[in-house]
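The values are calculated or read from the model by the stated rules, or taken from the named source; none is laboratory data. It should be emphasised that the depicted structure is a prediction, and the values quoted were computed from it without experimental measurement. Cβ placement follows ideal geometry from the backbone for every residue including glycine, while neighbour counts extend to all protein chains displayed.
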Amino acid sequence: TKEYEYLIVSKPVKGVGLITLNRPKALNALSSPLFIELNQAAAELDADHDVGALVLTGGERAFAAGADIKEMKDKTFAEVYQTRFLENWGHLAKLRKPIIAAVSGYALGGGCELALMCDIILASPTAIFGQPEINLGVIPGGGGTQRLIRAIGKSRTMELVLTGRNFSAAEAETWGLVSCVVGEGEGEVVKEAVKMASRIASKGRLAVQAGKEAVNAAYELTLTEGLGFERQLFHGLFATKDQKEGMSAFAEKRKPTWTHS
Ligand code: CAA
C-alpha cells in the first residue's frame, strides 16, 4: 500500500482494509489535504479485490476533532462557495463496501460527521461525540444536521446542534447512534471493528453490497419504494452463483464457498 502523510493504511487481517487517521498533533483535524488522502485511500480499498470491508479509525485521544478550524478561519463566502468547500467529503458515503468507524476519544464536528458517514459505528467508552460548530459561529457542514436526525431523531439533534454540547459513548449507544460500546483498553475498539469487518468480508461480496445499498435506500425512499427496491435487489441476487452456492450449501449441510460472482 501507498505512503500517505496523514494516514496509515494497512490490511491487518485477510479481507479487511484499515485506515488510521494520523495527524495526532492536531487531534486529527480534517484539513483539505487530509481529506484528499482519505478519499484516495478509501477509493483504493473499495476497488481492491482482496478487501471485503473497511475500518476507519483515529487515535486513542481523538478519532477526529473536526474540520481544520485554522485552515477555515480566514476563508470568505466567495471562496467556500466557489470551491464547494467540503463537498468532496461526501465521497466517503458512496463506497460500495461497508466501512466501520472505530471511535476513541474526540469525535467532534466533522469528526462526528465522519463517523456518521460510515455504515456502522463502534465506540470505545472514552469516545466523546459532539457537533460544537455553533460555538464557532457556524453549523455542521459535513452532514451533521441531516445524518444525526436520521440516526437519533429531531429533538436530540436540535438540542445537540443548537447547544453544541458533547455527548458520551453511553448516550450514543442508548440513542442507537453507535451499534455498541466495546470494553475498555487501548486498541480494543479497533480490534473489535476489525473482527466485525473480517466477519463481513467472509460473506459473499455481491450480497453484502446489495445489503448496504438496500439499507441506505431507506434514508431516501418511501416505504413502498424502499420495499420495491429491496425486492428487486433480492430477486437480482438469484442471478448470482453465490445464491446457488449459499442455498445448496445449506441444503447439503456444508459451509458455502463464495466466489463473489
Ligand atoms: N482544527 C484545527 N486544529 C485543531 C482542532 C481543529 N478542529 N482541534 C484541535 N486542534 C489542535 C489545537 O489547536 C492544538 O494545536 P496546538 O498544539 O498547535 O495549539 C492541538 O490540536 C491540541 O488541541 P488542544 O490543545 O485544544 O487539546 P485539548 O485536549 O485542550 O482540547 C478539544 C481538545 C476539546 C478537542 C479541543 O481541541 C477542541 O475544542 N477542538 C475543536 C473542536 C471543534 O470545535 N470541532 C469542530 C470544528 S468545525 C467543523 O468540524 C465544521 C464541520 O461541520 C465540517
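Just need a number here: residues in segment 102-119 that are more than 15 Å from R150 (Cβ to Cβ), over 8 Å from the mean Cα position of the chain (by Cα) and part of a helix (DSSP H, G or I).
Selection size over segment 102-119: 2.
So is D48 away from the ligand (no atom under 12 Å from the Cβ), of a type in the set (D, E) and in contact (Cβ under 8 Å) with a residue 24 or more places away in the chain or not?
yes
Can you tell which of A239, A170, A217 is at pLDDT 95 or above and in contact with a Phe, Trp or Tyr (Cβ under 7 Å, 6 or more places away or on another chain)?
Testing whether each residue is at pLDDT 95 or above and in contact with a Phe, Trp or Tyr (Cβ under 7 Å, 6 or more places away or on another chain) leaves just A217.
Evaluate the following for L122: is it within 17 Å of the chain's Cα centre (by Cα), more than 10 Å from the ligand (Cβ to nearest atom) and either of a type in the set (S, T, Y) or part of a strand (DSSP E or B) (or both)?
yes
Just give me the residues in segment 51-78 being touching a residue at least 40 places away in the same chain (Cβ under 8 Å) and away from the ligand (no atom under 12 Å from the Cβ), in sequence order.
Across segment 51-78, the qualifying residues are V51, G52, A53, L54, V55, L56, T57, E60.
Give segment 136-164 a look and list any residue that's away from the ligand (no atom under 12 Å from the Cβ) and either under 17 Å from A93 (Cβ atoms) or touching a helix residue (DSSP H, G or I) at 6+ places or on another chain (Cβ under 9 Å) (or both), or say none.
Within segment 136-164, I149, R150, A151, I152, R156, T157, M158, L160, L162, T163 qualify.
Collect the residues in segment 79-100 that are under 11 Å from the mean Cα position of the chain (by Cα) and touching a residue at least 60 places away in the same chain (Cβ under 8 Å), keeping them in residue-number order.
Of everything in segment 79-100, those that are under 11 Å from the mean Cα position of the chain (by Cα) and touching a residue at least 60 places away in the same chain (Cβ under 8 Å) turn out to be K97, P98, I100.
Restricting attention to segment 35-53, which residues are crowded, with 19+ Cβ neighbours inside 10 Å and touching a strand residue (DSSP E or B) at 6+ places or on another chain (Cβ under 7 Å)?
The answer is E37, L38, A41, A42, L45, V51, G52, A53.
Residues to consider are L38, L86, L18; find the one that is within 16 Å of the ligand (Cβ to nearest atom) and under 26 Å from A201 (Cα atoms).
It is L38.
Can you spot a residue in segment 156-167 that is over 19 Å from the mean Cα position of the chain (by Cα), outside any helix (DSSP H, G or I), surrounded by 14 or more Cβ atoms within 10 Å (Cβ to Cβ) and of a type in the set (G, A, S)?
There is at least one residue in segment 156-167 that is over 19 Å from the mean Cα position of the chain (by Cα), outside any helix (DSSP H, G or I), surrounded by 14 or more Cβ atoms within 10 Å (Cβ to Cβ) and of a type in the set (G, A, S).
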